Amino acid sequence: MNSDRLTINNEKRIEISNHELLIRKSFLSFTRTASLYILIIFILLSCSKTDSSRAELALGTVCSVTLFEEGKTSVYEEIFTRINTIEILMSVNIPSSDISRINAAAGIESVQVHEDTFKVIERAVFFAEFSGGAFDPTVGPLVSLWGIGTRDHQLPAQDEIEKILPLVNWRNIELDTETHSVFLKLPGMARDLGAIAKGYAADEAAYIIRKAEIERAKIDFGGDIILIGIKEDKSLWRVGIQNPGLSKGNILGILQMQEKTVVTSGVYERYFIKDEKRYHHIFDPFTGYPAESGLLSVTVISDISMDADALSTAIFVLGYEKGMDLLTVFPGAEAIFVFEDKSVRVTAGVDFKLTDESYWIAE
């Protein structure tokens, strides 16, 4: 594995209470003067201690942050506290979350939510309208029906899908910008921010890093990657792009880039196979089935991770030609398209080199 790729540091976190216990034991074992010296040295070491990286489970994935030589504990604490706050607000798996409360009140009443939640929902609605519904944050009923990524996954009957489809329509979301309230018009509707919330959390982590004036960092939230600053040797960042035909960790090629965010949507992330057919987790909101656009994966390179999240999903559903029309509206956005016939297309501003010889670059 290339040394430039993101790694996870499994070093256990040291709590303040452990520091205090160590200090007390020192006072029992040494003289007052010796203990004072120990205490001073200990405090100095604690203040200067840095961790090159940290990883925690959040938002349904492994969230990894690497701050290199500037990895102060206080910055990591601020980042992961922020991530946990976002998860508590937006996870569909937490009954008290804003999203769970909105879904429970569908067809009944509007729900006032935190400004973070409202901001993400508002952006999701923007991309739903912008993509003509290819990206739709109301796919929750389809996600539950299919259960892809869970032990209860299934291939639903056609009549089950047809019953659910009327509930999947972003136009049935009402937003009140003054009160930060959200209303789903039909009973049974359900929001799912899984395709955009990770991007928002990654952007917030990047904001904290830049605020701390840290010169270079890597963020990887389950495939949502942000690279900050430049490498120590001034060379380009190198990011391995997943081979969509193989298990995670097998790369298709290497993307070289400056400071940007990289997000990939593909058939390999969550899926099940039935009768030799793969059913993946990226749904076409118009058919109720996993999208069949001729693509295996789409990687979007952009400046904002939340936008790249939504774009990669919408483009995957729309397919190459309509997806390119969508991409060109965003200045500076680039993409890598991997097709079912193993051809690969890249936009003009992408520096990408294939490493898997079974794929080929299409002109």
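Quick notes on this one:
- A single member of Ala134, Ala157, Ala128 is out of contact with any strand residue (DSSP E or B) (no Cβ under 6 Å at 6 or more places or on another chain) and over 27 Å from Val329 (Cβ atoms), and it is Ala157.
- Flag for Glu334 being more than 30 Å from Met90 (Cβ to Cβ) and either in contact with an Asp or Glu (Cβ under 8 Å, 6 or more places away or on another chain) or without any contact (Cβ under 8 Å) to a residue 40 or more places away in the chain (or both): no
- Residue in segment 52-72 that is more than 20 Å from the chain's Cα centre (by Cα), within 26 Å of Arg270 (Cα to Cα), without any contact (Cβ under 8 Å) to a residue 40 or more places away in the chain and surrounded by fewer than 18 Cβ atoms within 10 Å (Cβ to Cβ) present: no
- Every test in (1) touching a residue at least 60 places away in the same chain (Cβ under 8 Å); (2) closer than 14 Å to Ser131 by Cβ is passed by Gly319 save one, and that test is (1).
- Whichever residue in segment 195-215 is out of contact with any Ser or Thr (no Cβ under 9 Å at 6 or more places or on another chain) and assigned to a loop (DSSP other than H, G, I, E, B) and, among such residues, is modelled with the lowest pLDDT: Glu215
- Of the residues making up segment 111-139, just one is touching a residue at least 60 places away in the same chain (Cβ under 8 Å), surrounded by fewer than 22 Cβ atoms within 10 Å (Cβ to Cβ) and of a type in the set (A, V, I, L, M), namely Val111.
- Segment 342-357 residues that are in contact (Cβ under 8 Å) with a residue 40 or more places away in the chain and β-branched (Val, Ile, Thr), paired with ones that are exposed (fewer than 14 other Cβ atoms within 10 Å of the Cβ) and part of a strand (DSSP E or B) (beta carbon under 6 Å, 6 or more apart): Val344/Ile361
- Those residues of segment 210-231 which are of a type in the set (A, V, I, L, M, F, W, C) and surrounded by fewer than 23 Cβ atoms within 10 Å (Cβ to Cβ), in sequence order: Ala212, Ile214, Ile228, Ile230
- Wholly within segment 261-363, strands (runs of 3 or more DSSP E) carrying at least 1 residues that are touching a Gly at 6+ places or on another chain (Cβ under 7 Å) and farther than 22 Å from Phe221 by Cβ: 295-302, 334-339, 351-354
- Within segment 278-323, being among the acidic types (Asp, Glu) and within 25 Å of Ile254 (Cα to Cα) holds for Asp303, Asp307, Asp309, Glu321.
- When segment 261-308 is filtered for residues that are in contact with a Ser or Thr (Cβ under 8 Å, 6 or more places away or on another chain), over 21 Å from Ile361 (Cα atoms) and buried (at least 23 other Cβ atoms within 10 Å of the Cβ), the ones remaining, listed by number, are Thr261, Ile282, Ser302, Ser305, Ala308.
The values are calculated or read from the model by the stated rules, or taken from the named source; none is laboratory data. Keep in mind that this is a model prediction, so the values were computed, not measured. Backbone-built Cβ (ideal geometry, glycine too); neighbour counts: all protein chains shown.
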